[in-house]
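The values are calculated or read from the model by the stated rules, or taken from the named source; none is laboratory data. These numbers were taken from a predicted model, which means no experiment stands behind them. Cβ atoms come from the backbone with ideal geometry, glycine included; neighbour counts cover every protein chain shown.
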Amino acid sequence: MRTGPGADSAPAPSSTASEASEGPATTSMFSSLKNRNYRLFAAGQVVSNTGTWMQRIAQDWLVLTLTGSASAVGITVALQFLPMLLFGLYGGVLADRLPKRPLLLATQFAMAMTGIALAVLTLTGQVQVWHVYLIAFLLGLVTVIDNPARQTFVSEMVGPDQLANAVSLNSANFQSARLVGPAVAGVLITAVGSGYAFLFNGLSFIAPIAALLLMRTSELHRSVRTPRGKGQLREGLNYVSAHPELIWPIVLVGFVGTFGFNFPIWLSAFVDDVYHSGASTYGLLNTLMAVGSLAGALLAARRGTSRLRLMVGAAVVFGVLEVVAAFAPHFWIFAGLLVLIGMFGLTVNVTANSTVQMASDPAVRGRVMSLYMMVFVGGTPVGAPVFGWITDVYGPRIGFAAGGVLSFAGALLVGLMLARAGGLRLKVDLRRGRKHLDFVPRQPAAPEPAGGPDELRESRGGALESTGPAEKLTKVA
């Protein structure tokens, strides 16, 4: 992980920004909210995220109503994330080149228009499934630019010291909205139909647009913008390939995102085929997952640090829980397990996200995060139709279990590769009072001669850290 002097190539903030920063990093759960710009951003996002979750629930249920097919829900989800798979890296290049605040104003307005368009089609009774497919694809195109710009704008608001905390609070914000959005969407769909959920989502973007306009630009920690040039996309890929502490978290979220996060397919199918219920139950199950996800995000914010072993361990438990939930004999057992699935799934996501952001040079952070998001959500166009087909043919339980097994296998693979790259081995000690499982160095590290390629240097916290890839992995593991 990049720490210590010289780790960030961004220029020092202006005196105004320095005064606005909150001094040394703290470990309080909500420390990033002391920053005025970030408070505005968070307030706008909680309104918009509520609308986003309402639209997600209404969109899935609308497609299921129009077609009666879990595969159609999978196709809708795939189309929404296909642009990230096809064009995600180009979005990262734009995020590194362009000023992020004006870029976000444009993307938020475009996303508002997609919600309003779907609301008009639904409320007038003209909506057909191909309309939903098209709007989902257009929303995905906007997200290609919005996602890396929004992810990297966080560091401009809070600075490097509070970045891990702010990333965790962003996830908590998203999951807080998930507590409200699905429940409200379920009530609205049952009472007046899906159209009003889409309308609320379109209008909800007024809040983040207002927040961006009200920010004090003099207090932003501006990073160096990358000038236009050839080979910038390849430069970002080469940067990631040279850093194992970036590669393996991205690989892990690719496994989990492609195979383990197909919840719109599985939950809608469980509600319809297993529990023979309606939209309100679908909203309830999503809300219960959000309870667990919110708990995971707040715990991550309180920790304030990102450890790769935590990420891998959470992914292993996440896969096991999905398999267990798939064969839960009763509704409330299934519902309770969704809380735990939400908590461990969010822990994987937040830990990987903050690890990748903090280990990236600011000059290429947009491209690194676009690759991260391309792998995380870009795998959905591959996984969603496949798991939609498996769910239709073999039933929701087999589909859900298959996703859990593949997520578990991916976590084990990444854990072994991280241990190998970091020069670690698994130590098993079953004696009472000892740590039963732990990763320890294979051999004691010999001190490097002064001036060697892996010369030790002082980190911000005063601890010694090697600049070599293996030593970085050992430290963050």
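Some points to look at:
- Evaluated against (1) part of a helix (DSSP H, G or I); (2) closer than 30 Å to residue 386 by Cβ; (3) touching a helix residue (DSSP H, G or I) at 6+ places or on another chain (Cβ under 6 Å), residue 277 falls short on exactly one condition, (1).
- Residue in region 306-321 that is buried (at least 21 other Cβ atoms within 10 Å of the Cβ) and farther than 29 Å from residue 236 by Cβ present: yes
- Test result for residue 274, within 30 Å of residue 392 (Cα to Cα), in contact with a Pro (Cβ under 8 Å, 6 or more places away or on another chain) and either outside the structural domain of residue 68 (by TED's automatic domain parsing) or of a type in the set (Val, Ile, Thr) (or both): yes
- Which listed residue is surrounded by fewer than 22 Cβ atoms within 10 Å (Cβ to Cβ) and either in a helix (DSSP H, G or I) or modelled with pLDDT under 85 (or both), from 134, 169, 139: 134
- Tally of residues being among the β-branched types (Val, Ile, Thr) and surrounded by fewer than 24 Cβ atoms within 10 Å (Cβ to Cβ) across region 368-383: 2
- One residue alone among 185, 164 is touching a residue at least 12 places away in the same chain (Cβ under 8 Å), more than 26 Å from residue 200 (Cα to Cα) and part of a helix (DSSP H, G or I), and that residue is 164.
- Condition met for residue 199 (of a type in the set (A, V, I, L, M), crowded, with 21+ Cβ neighbours inside 10 Å and not assigned by TED's automatic domain parsing to the domain that holds residue 297): no
- Qualifying residue in region 99-111 (condition: within 20 Å of the chain's Cα centre (by Cα), assigned to a helix (DSSP H, G or I) and farther than 27 Å from residue 213 by Cβ): no
- If the condition is being free of Cβ contacts under 8 Å to residues at least 40 places away in the same chain and farther than 25 Å from residue 385 by Cα, then region 122-142 contributes 124, 125, 126.
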